[in-house]
There are 2 protein chains.
Amino acid sequence: MTEIARLIAANEGYAAARANVADARPGRRLAVVTCMDARIDVFAVLGLHLGEAHVIRNAGGRVTDDVLRSLAISSHLLGVDTVAVMQHTKCGLAGVSDEELREVTGADLGFYPIAHHATALREDIDVLTRTPYLAPIRVVAGFVYDVESGEIDDVVRWERPT
Amino acid sequence: MTEIARLIAANEGYAAARANVADARPGRRLAVVTCMDARIDVFAVLGLHLGEAHVIRNAGGRVTDDVLRSLAISSHLLGVDTVAVMQHTKCGLAGVSDEELREVTGADLGFYPIAHHATALREDIDVLTRTPYLAPIRVVAGFVYDVESGEIDDVVRWERPT
């Protein structure tokens, strides 16, 4: 069973556990990129246990430069070869524009708003998989998490050609 | 009891729970910024429950531009006024240099390495508290989490002058 399949299977059980772990290398060679949203308990949603996966989170669960920096560390120093990018329903970045967000926040930034999850996931996974220094990453999946039902929808899969 | 005190008190119990939450606004008006490290279950470490806090994670738990972007959304759109920045012992970014990380990863990036946690936390909290568009944030704390004992050390506190 692949790491991605394990994520999906575990999500059906939706259970978490904990233990002391000495090794900094994620036991499942996995990193999860997801949104900061308060309604997402990543370990519980994906059935992850302590020590199994890096968890990278920001507004939207978007693949920003900072996520690429983090994944460079994950993949080259700590053995990660599989990444799950998980956006979610009812996200604050969905259906808004950069202009609206600049107006509300007073910050002159690019906010990575999301018009359509499937499109945003494909764009983000393109950025990730085309980043030359992330060559150790072999498998990427794009999910949408439903914050109401607790279920994940499996939207994009990518494997590095051999 | 302040939000920061609640974090510390909850850490002694080290328990997590879950429930369905409809509101996107974090119930405790709190955001936690921490490392992607696989040995950190943020909800469990800080006794957070679903719906209570934004969780922002990257390599090192550093206050990068992407963290500022995320906190702009947290604070202006979703009511967050308190931030905990939590670095941790045995971090892969501690005791290494940008030069070494560029050599290992092949990525010409600034990696935000950590020479001393107390210094890095103070620098990061300075960046956060001096960012003009993050004025809604009133309280910031800097913690170091011990991945072996499970305990947090309370290193920096800041409150916006009234």
Checklist entry - Where only protein heavy atoms count, and the probe is 1.4 Å, what is the accessible area per residue for segment A:22-159 in Å²? => result 35 Å²
Next on the checklist: Once you place label points 7 Å from the Cα toward the Cβ at B:ARG160 and B:VAL104, how far apart are they in nm?
Outcome noted: 3.8 nm
Next on the checklist: How far, in nm to one decimal, is A:PRO161 from itself in the other copies if the label point is set 7 angstrom along Cα toward Cβ? Shortest first, please.
Outcome noted: 6.1
Checklist entry - trypsin sites (Lys or Arg not before Pro) within segment B:95-138: which are DSSP loop residues with at most 13 other Cβ atoms inside 10 Å? => result B:ARG130
Checklist entry - What FRET efficiency, computed as 1/(1 + (r/R0)^6) with R0 = 30 Å and r the Cβ-Cβ distance, is obtained for A:ASP65 and A:ALA22, rounded to the nearest 0.05? => result 0.45
Item to check | Net charge contributed by nearby residues that have their C-beta within less than 12 Å of B:THR105 (K/R +1, D/E -1) | outcome: -3
Checklist entry - For the protein assembly as shown, which whole percent of the accessible surface, found with a 1.4 angstrom probe, sits on carbon and sulfur atoms? => result 49 percent
Checklist entry - How big is Rg to Rh over the protein assembly as shown, alpha-carbon atoms, Rh as the Kirkwood inverse-mean-distance radius? => result 0.93
Checklist entry - Accessible area of A:THR89, 1.4 Å probe, to the nearest 10 Å²? => result 40 Å²
Checklist entry - If one takes the accessible area of chain B alone plus chain A alone and subtracts that of the pair, with a 1.4 Å probe, what total in Å², rounded to the nearest 100, results? => result 4100 Å²
Checklist entry - Using the Karplus equation 6.51 cos²θ - 1.76 cosθ + 1.60 (θ = phi - 60°), what ³J(HN,Hα) coupling, rounded to whole Hz, does each residue of segment A:110-127 give in order, writing x for Gly and Pro? => result x, 9, 6, x, 10, 7, 9, 4, 4, 5, 4, 5, 5, 4, 5, 6, 4, 4
Next on the checklist: Explain nothing, just compute: Karplus ³J(HN,Hα) = 6.51 cos²θ - 1.76 cosθ + 1.60, θ = phi - 60°, for every residue of segment A:91-100 in order, whole Hz, x for Gly and Pro.
Outcome noted: 6, x, 8, 8, x, 10, 10, 4, 4, 4
Checklist entry - Where the convex hull is taken over the Cα atoms of segment A:43-132, what is its projected area averaged over directions, in nm²? => result 6.9 nm²
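The values are calculated or read from the model by the stated rules, or taken from the named source; none is laboratory data. All figures in this text were calculated on a predicted structure; none of them were measured in a lab. Here the Cβ is made from the backbone with ideal geometry for all residues, glycine too, and neighbour counts use every protein chain on show. For the accessible areas, the whole protein counts, side chains as well, though only heavy atoms, and no ligand, DNA or RNA atoms are used. Shrake-Rupley method; radii C 1.70, N 1.55, O 1.52, S 1.80 Å.
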